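For reference, the structure discussed in these notes is given below.
The values are calculated or read from the model by the stated rules, or taken from the named source; none is laboratory data. These numbers come from a predicted model, not from an experiment. Virtual Cβ from ideal backbone geometry, glycine too; neighbours counted across all protein chains shown.
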Amino acid sequence: MAFVDEVTVWARAGRGGHGSAAMLREPFKPRGGPEGGDGGRGGDVVFEASSGVRDLSALADRPHLRAEDGKPGGASRRTGASGADLVVQVPEGTMVFDEAGLMADLVSEGSSAMVARGGRGGRGNASLASSRNRVPRSAEAGEPGEERRLSVELRVLADVGLVGLPNAGKSTLLGRLTAARPKVAPYPFTTLHPNLGVAEGERRLVVADVPGLVEGAHEGKGLGHRFLRHLDRARALVLVVDLSTPDPVADLHTVRKELEAHDPGLAARPWFVVGTKADLVREPESVAIRVAPDAVVVSGLTGEGIDRLADRVAELVEAASMDQEEERQPFVVLRPARPPFVVRKEGTGFRVVGRAVERWVAETDFDDPRNVVQLQRRLAKEGVERELAALGARRGDEVMIGERAFEFLPE
Ligand SMILES: Nc1nc2c(ncn2[C@@H]2O[C@H](COP(=O)(O)OP(=O)(O)OP(=O)(O)O)[C@@H](O)[C@H]2O)c(=O)[nH]1
Ligand SMILES: [Mg+2]
């Protein structure tokens, strides 16, 4: 099973239902009134973090996300049903980016972010009726749902990461410290993606085992570098050194160098060394002391030293959490609302698009000069004239707003 930690998706929220333009017809009444209901709103596309989801493969299999459209309004002022939201479960540690940058960082179970907003329903002619236009014959169209191309990235959230050369015995230690059962084998690059395990002690600790690092990993050699970003959010690191290799001191040096080259901030995270495969070495303590004076000596095979390792890991994370600021919080970036209107060129003229602006036009009774003057004032105040001029509109150009054509006659 492939582990997917990066994917591009297309999220499309539901369109709002159209408003209804129904007219009341009753026997013996010469003129019916407007009685069309509003359209329902379109569903949102929402991401929600869940500890039950391991990676982004479900998104990779189905990158087109679509929420349901709202239903149209009906006669007798019936409002259309809202479209259902599409809620997509993502792993904890999922980051969502749009063109403008990071949009949401869903670090804990249940945190959620709306990634595409459903369109509002169009108003029916019953809602559109006003003192100026008592009997509107048309209704508003539903607003389209937002459509977005999103980059989604997973950065696993671990308290501590196990880092070392390939074949050092990292996955074996993860299996010893937690209930996780990662693949262990006597060759390098057994681990192809990060494994997470939970150590249950006084405090619940998440331990990550990432693929082995090789010399030159930061230049793209091996697999390790690609996965190092999963350690970006680890509070602390345990550097795993195989005591049975020809030169364990040089091995540690290689790992430190690669961490440093990847990100000096990562290399500066609190860490200690665990010397493993003690069962294969004649005097493991003396070898370990040369690697690091305070190294913990263990054997993943016999289990020797594992309890001490678990205690040291807990201490390290405890100390690291004291230094590091507050708990990691999920966050969702709130962007300013959409502009009230947008002006664009259309053929030889221009078009002004915007819900409020279009509504003002739809509500205007063009047979009433006072009404028309009021509309002009509103448009000017909103900045529509200025925007048109900025885009190069000249006196006499045609400007479309909604269904209506106007002549551009700036004051
Ligand atoms: N004798 C002995 N063998 C060990 C010990 N720890 C791990 N091994 C063996 O070393 C080999 C590599 O162990 P892994 O745990 O897969 O190593 P790794 O660091 O996860 O390796 P990669 O995922 O390839 O980077 C396996 O054959 C293990 O059985 C140990 O303490 N003693
Ligand atoms: Mg491994």
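Screening V273 on (1) surrounded by fewer than 19 Cβ atoms within 10 Å (Cβ to Cβ); (2) in contact (Cβ under 8 Å) with a residue 24 or more places away in the chain; (3) not in a helix (DSSP H, G or I) shows it passes everything except condition (1).
Could you tell me whether L280 is within 16 Å of ligand 2 (Cβ to nearest atom) and either exposed (fewer than 15 other Cβ atoms within 10 Å of the Cβ) or not assigned by TED's automatic domain parsing to the domain that holds N167 (or both)? So L280 does not fit the description; no.
Only one residue in V238, V287 is under 22 Å from A185 (Cβ atoms), of a type outside the set (S, T, Y) and either assigned by TED's automatic domain parsing to the domain that holds L106 or within 14 Å of ligand 1 (Cβ to nearest atom) (or both). Which one? Going through V238, V287 in turn, just one is under 22 Å from A185 (Cβ atoms), of a type outside the set (S, T, Y) and either assigned by TED's automatic domain parsing to the domain that holds L106 or within 14 Å of ligand 1 (Cβ to nearest atom) (or both): V238.
For segment 397-404, the criterion of a residue being free of Cβ contacts under 8 Å to residues at least 24 places away in the same chain and either out of contact with any helix residue (DSSP H, G or I) (no Cβ under 7 Å at 6 or more places or on another chain) or in the same structural domain as S130 (by TED's automatic domain parsing) (or both) is satisfied by no position.
For L243, state whether it is within 15 Å of ligand 2 (Cβ to nearest atom) and surrounded by 16 or more Cβ atoms within 10 Å (Cβ to Cβ).
Numbers: within 15 Å of ligand 2 (Cβ to nearest atom): no; surrounded by 16 or more Cβ atoms within 10 Å (Cβ to Cβ): yes.
The answer is no for L243.
When residues in segment 150-198 are screened for being under 27 Å from the mean Cα position of the chain (by Cα) and of a type in the set (K, R), 1 of them pass.
Evaluate the following for R203: is it surrounded by fewer than 23 Cβ atoms within 10 Å (Cβ to Cβ), charged (D, E, K, R) and under 25 Å from the mean Cα position of the chain (by Cα)? Step through it out loud before you land on a result.
Working: surrounded by fewer than 23 Cβ atoms within 10 Å (Cβ to Cβ): yes; charged (D, E, K, R): yes; under 25 Å from the mean Cα position of the chain (by Cα): no.
So R203 fails the test.
Yes/no matrix, rows are residues, columns are (1) closer than 18 Å to G303 by Cα; (2) within 8 Å of ligand 2 (Cβ to nearest atom); (3) crowded, with 18+ Cβ neighbours inside 10 Å:
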position	(1), (2), (3)
D159	no, no, yes
G164	no, no, yes
L177	yes, no, yes
Y187	no, no, no
T191	no, yes, yes
P194	no, no, yes
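A residue that is in a strand (DSSP E or B) and either farther than 25 Å from H193 by Cα or out of contact with any Leu (no Cβ under 6 Å at 6 or more places or on another chain) (or both) occurs somewhere in segment 65-82.
I'd like to check something: does segment 147-154 contain any residue that is touching a residue at least 40 places away in the same chain (Cβ under 8 Å), more than 8 Å from ligand 2 (Cβ to nearest atom), part of a loop (DSSP other than H, G, I, E, B) and not polar (S, T, N, Q)? Spell out how you get there, then give the answer.
First pass over segment 147-154, keeping only residues touching a residue at least 40 places away in the same chain (Cβ under 8 Å): 147-154.
If we keep only those that are more than 8 Å from ligand 2 (Cβ to nearest atom) as well, we get 147-154.
When the remaining residues are screened for being part of a loop (DSSP other than H, G, I, E, B), the result is none.
Taking every residue of segment 147-154 in turn, none turns out to be touching a residue at least 40 places away in the same chain (Cβ under 8 Å), more than 8 Å from ligand 2 (Cβ to nearest atom), part of a loop (DSSP other than H, G, I, E, B) and not polar (S, T, N, Q).
Among the residues of segment 285-296, are any modelled with pLDDT of 95 or more, under 21 Å from L174 (Cα atoms) and in contact with a Lys or Arg (Cβ under 8 Å, 6 or more places away or on another chain)? Yes, there is a match, as at least one residue in segment 285-296 is modelled with pLDDT of 95 or more, under 21 Å from L174 (Cα atoms) and in contact with a Lys or Arg (Cβ under 8 Å, 6 or more places away or on another chain).
Residue-wise test of (1) at pLDDT 85 or above; (2) assigned by TED's automatic domain parsing to the domain that holds R282; (3) over 30 Å from V281 (Cβ atoms); (4) not β-branched (V, I, T).
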position	(1), (2), (3), (4)
D311	yes, yes, no, yes
A314	yes, yes, no, yes
Q329	no, no, yes, yes
L334	no, no, yes, yes
A337	no, no, yes, yes
V353	no, no, yes, no
V357	yes, no, yes, no
F366	no, no, yes, yes
A390	no, no, yes, yes
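Within segment 364-380, the set of residues being more than 15 Å from I401 (Cβ to Cβ) and not in a loop (DSSP other than H, G, I, E, B) comprises P369, R370, V373.
Cβ-Cβ distances below 7 Å connect the following pairs, each with a first residue in segment 169-189 that is touching a residue at least 40 places away in the same chain (Cβ under 8 Å) and in a loop (DSSP other than H, G, I, E, B), a second residue that is within 6 Å of ligand 1 (Cβ to nearest atom) and of a type outside the set (S, T, Y), and a separation of six or more residues or different chains: G169/K277; G169/G300. Within segment 163-177, if we keep just the residues that are of a type in the set (S, T, N, Q) and in contact with an Asp or Glu (Cβ under 8 Å, 6 or more places away or on another chain), the residue that is farthest from L309 (Cα to Cα) turns out to be N167.
Yes/no matrix, rows are residues, columns are (1) modelled with pLDDT of 90 or more; (2) acidic (D, E); (3) in a loop (DSSP other than H, G, I, E, B):
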site	(1), (2), (3)
E92	no, yes, yes
A104	no, no, no
G118	yes, no, yes
S130	no, no, yes
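The set of residues in segment 106-116 being within 11 Å of the chain's Cα centre (by Cα), under 16 Å from S51 (Cβ atoms) and not small (G, A, S) consists of L106, V107.
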